[in-house]
Each structure stands twice: as C-alpha cells, then as structure tokens.
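Structure first, then comments.
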C-alpha cells in the first residue's frame, strides 16, 4: 500500500496566520496531538500540543513558533514501511505527503497506517510469531519454508532486518498459522537455526491497543 492511499482527508493543515488556540481546538476535534503546517502549498513541519502548551501566550500565531520535524514528509509513492520507519524514528503520529513537485497533498496518521499494515501482515490472524537469528550467508527463505511446511505449518507472513548488534547477522520474523509452535521450534533448532523469540497472538477485535502492541513486537520497533 502506498502513501497516496492512506491520506486522511479529515485532518486539515494549519496556516502560518492561524493561532495556537485554533490548533488546540482542532487537535481536540480530530483527536490528535500534532497538526501539519502548510504555506503556499508546501509542507513546513508539525506543531504539537506540547509545543503550544510551552508558549507563554495563550494565543500565539503559528508563524511565530519554531516548527518541529520539517523533514517529516514522504512522496505519495512511498511504501507504508517507509511511513512506519519515519514515524518511529521521529516519534510522531502524523506524516506529511507531497507529490513529485513537493506540493502538499495531506497527512497520514500512524494509527491508520498501522491498521493497514496489520491487515497485510496477517497480525490479526490466529497464530504465533517466531524470530530467528542467523548469519546473512545462511539465509534461505525457501529452505526455511520447506522446514516449516514439513511440520504441517504455513507461513502467513515474514520480515527480515539486520541485527543492529552484529552486521553479519539477520533477524527473520515468521508469522505461522498455529499458536503451538513447539514442534516447529524443535525442528528449526535441529537444523541449527537459533530461535530467539516466540510470541503467541490471540487478537481481540475489541482491543486496538493489543493489536498495536502485537504489531510493534512483530516489527521490532
């Protein structure tokens, strides 16, 4: 899914001539702690509730504030993994979206992005997550898939990232279609794969926070 598909048309941007009073009112109305600031069609950065509350005056012009995160924008063709990465590294809940001419198109909320991502990664499906640590030169998803399927499991999704503590190692995260993975873990370890984490997922459709917690563990954010 691309950034253009995730734009939230309900959240308006602030102008430099708007006041912090208006910004707080909009944050309350749209249930967010940040808003984008736009001037002449260009994304200038974000204003947060915390920044506004730090001001001495109750009503300050947005143009008089030192805006935050002026680089927190992505092209409309960006993949939602890039959105998650940008939001996570800057601890923000909104990301600006621009076109090829750098003109502002709207914002994406991280909550919307995580929901879309959870659908794609099968996070809400019943099953378990298994994390492996392995050397880069030993990585073969086809071989690992063969072992998984030989034990009657099915891989619902997978992701891979470099191990930050050792550049020669990878972390491979697998979501499989069963909550009981003891037999799978035993097989992987028998073939010298190091299992470093296991996580059962029993999603509750009434608990957004539980889904978010599972997803963040899954992505290792």
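The values are calculated or read from the model by the stated rules, or taken from the named source; none is laboratory data. Bear in mind the structure is a predicted one, so any value in this text is a computation, not a measurement. Please note: Cβ atoms are built from the backbone with ideal geometry, for glycine as well, and neighbour counts cover all protein chains shown.
Structure summary
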read-out	value
Criterion (in contact (Cβ under 8 Å) with a residue 40 or more places away in the chain and within 22 Å of the chain's Cα centre (by Cα)) met by exactly one of 49, 93, 68	93
Extreme residue, surrounded by the fewest Cβ atoms within 10 Å (Cβ to Cβ), among residues of segment 131-145 that are assigned to a helix (DSSP H, G or I) and touching a strand residue (DSSP E or B) at 6+ places or on another chain (Cβ under 9 Å)	137
Residue match in segment 120-131 (condition: at negative phi and modelled with pLDDT of 90 or more)	yes
Qualifying residue in segment 40-63 (condition: modelled with pLDDT of 95 or more and within 30 Å of residue 161 (Cα to Cα))	yes
Residues of segment 146-183 that turn out to be in a strand (DSSP E or B) and surrounded by 12 or more Cβ atoms within 10 Å (Cβ to Cβ), as a count	16
Boolean, residue 85 is without any contact (Cβ under 8 Å) to a residue 40 or more places away in the chain, under 16 Å from the mean Cα position of the chain (by Cα) and closer than 20 Å to residue 15 by Cα	no
Candidates 66, 50, 29, filtered to the one that is closer than 24 Å to residue 103 by Cβ and either in the same structural domain as residue 111 (by TED's automatic domain parsing) or out of contact with any helix residue (DSSP H, G or I) (no Cβ under 8 Å at 6 or more places or on another chain) (or both)	66
Flag for residue 80 being in contact (Cβ under 8 Å) with a residue 24 or more places away in the chain, closer than 22 Å to residue 4 by Cα and within 23 Å of the chain's Cα centre (by Cα)	yes
